[in-house]
């Protein structure tokens, strides 16, 4: 029945009964992952926190660089970072995590609480919500779908309505420009990875769909 409802929600604009359809599919998030997240916040942002709850200010759109949903989900599910992420392993053993994962047919899955910190964007983790999209195979633009564009538009609208504190909508490939804002929290200027996702075209289409929200783009010039 759930699959039928999701299909109907896709056909009729991603709403069913007047509400956005989001399927909860939790990643592993025991007390161990919570403690690793607190350690990350302390070591990267120099902040001692009692809770990993965030006040979201930014929505970051990503792609998984993987064309299969289950394989994409499997990368976020474990609590510890996978062995092939040598680019960021030296910083923390905390696994990467996004709040949402959007399949190619536009089905939206929530992987973790929206107001908990996930490790998805250097410098912005403690104030951002991450939306991953299945695709970007080979880390190249081109295989994200129209259904994913529509789903991201609906999801961004839902999040902005729920969290009035959200100010920015950015693509992962644009995140370096956020260094110019007070929202950038990373203390090591050398800890940075260059990203291509989800590409300028995808961001253009999503931004056109949420233009009425007046969300800011990253500053230019980085």
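The values are calculated or read from the model by the stated rules, or taken from the named source; none is laboratory data. In this text the structure is predicted, and so the values were computed from the model without any measurement. Positions of Cβ are backbone-derived with ideal geometry, glycine not excepted, and every protein chain shown enters the neighbour counts.
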I'd like to know if the range 130-137 contains one or more residues that are touching a residue at least 12 places away in the same chain (Cβ under 8 Å) and either surrounded by fewer than 17 Cβ atoms within 10 Å (Cβ to Cβ) or farther than 24 Å from residue 27 by Cα (or both).
yes
Only residues that are out of contact with any strand residue (DSSP E or B) (no Cβ under 9 Å at 6 or more places or on another chain) and either over 17 Å from residue 54 (Cα atoms) or not in a loop (DSSP other than H, G, I, E, B) (or both): list them for the range 175-190, please.
176, 179, 180, 187, 188, 189, 190
Please determine whether any residue of the range 140-163 is at pLDDT 95 or above, within 21 Å of residue 57 (Cα to Cα) and part of a loop (DSSP other than H, G, I, E, B).
yes
Kindly indicate the residue of the range 65-119 that is without any contact (Cβ under 8 Å) to a residue 60 or more places away in the chain, more than 15 Å from the chain's Cα centre (by Cα) and surrounded by 15 or more Cβ atoms within 10 Å (Cβ to Cβ) and also nearest to residue 34 (Cα to Cα) among those meeting that condition.
79
For the range 108-122, does any single residue satisfy the condition of being part of a helix (DSSP H, G or I), touching a strand residue (DSSP E or B) at 6+ places or on another chain (Cβ under 6 Å) and modelled with pLDDT of 95 or more?
no
